[in-house]
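Working notes, structure below.
The values are calculated or read from the model by the stated rules, or taken from the named source; none is laboratory data. Remember, predicted model here, so these are calculated numbers, not experimental data. When we count neighbours, we look across all protein chains shown, and the Cβ atoms used for this are built from the backbone with ideal geometry, even at glycine.
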């Protein structure tokens, strides 16, 4: 597939998916997942006036509440950028000045956790694609993340694209047993944690999986859909 076919697949997911499930982009590290998202996918979806991408990295996050906070801040940062005369259109706001920028739209980050959670839940996720990167690098358990994603797609009506290196999630272990003649035989099987991940993923992520097979540095992104 070229990047346009890939973009159209995700666009169709945004417009027409009724399954209330997430989709997943998976590839080994260094294969250009983030490059595709920033340089191919987001520019394409930004041409759709009613669609918006919210990109959050799960790397270093240790609590589900931190995901909500990150999504909230990303959404409001976009609003702050649009309203601030000091920020040029399309310019990325540095995280170190984000707090000041948010003050433009009246967000008080000194509020206690309970009040902040109310703010997080006030965000309308309709017509937004929540892109959660670095699933395998999160300090939050995969089970918790997928449970959170399930709530986003089922209860909040959001569309979610999970980005991961599944090679780091699906772990196998060698099991040695005796055959009928008493000889040792070995085979590789998934760990209990991996089996649990696959079971939860089946309920949360669509059967269609986007898999990046080859690194690409140009405008065309080499990908294919695995059914």
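Structure above, values below:
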read-out	value
In the stretch 135-164, the residues that are surrounded by fewer than 19 Cβ atoms within 10 Å (Cβ to Cβ) and within 21 Å of residue 35 (Cβ to Cβ)	136, 137
Residue 72 vs. criteria over 17 Å from residue 132 (Cα atoms), in a helix (DSSP H, G or I) and touching a helix residue (DSSP H, G or I) at 6+ places or on another chain (Cβ under 9 Å)	no
Test result for residue 145, part of a helix (DSSP H, G or I), touching a helix residue (DSSP H, G or I) at 6+ places or on another chain (Cβ under 9 Å) and either at pLDDT 95 or above or within 13 Å of residue 59 (Cβ to Cβ) (or both)	yes
Some residue of the stretch 6-18 being buried (at least 19 other Cβ atoms within 10 Å of the Cβ), assigned to a strand (DSSP E or B) and either modelled with pLDDT of 85 or more or in contact with a strand residue (DSSP E or B) (Cβ under 9 Å, 6 or more places away or on another chain) (or both)	no
Selection status of residue 52, over 20 Å from residue 17 (Cβ atoms), touching a strand residue (DSSP E or B) at 6+ places or on another chain (Cβ under 7 Å) and at pLDDT 75 or above	no
Selection status of residue 174, touching a helix residue (DSSP H, G or I) at 6+ places or on another chain (Cβ under 6 Å) and at pLDDT 85 or above	no
Options 130, 64: the member that is within 23 Å of residue 166 (Cβ to Cβ), out of contact with any strand residue (DSSP E or B) (no Cβ under 9 Å at 6 or more places or on another chain) and at pLDDT 80 or above	64
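Listed here are the residues, each with its yes/no results for (1) surrounded by 14 or more Cβ atoms within 10 Å (Cβ to Cβ); (2) modelled with pLDDT of 85 or more.
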| residue | (1), (2) |
| --- | --- |
| 182 | no, no |
| 192 | no, yes |
| 195 | no, yes |
| 204 | yes, yes |
| 212 | yes, no |
| 218 | no, no |
| 221 | yes, no |
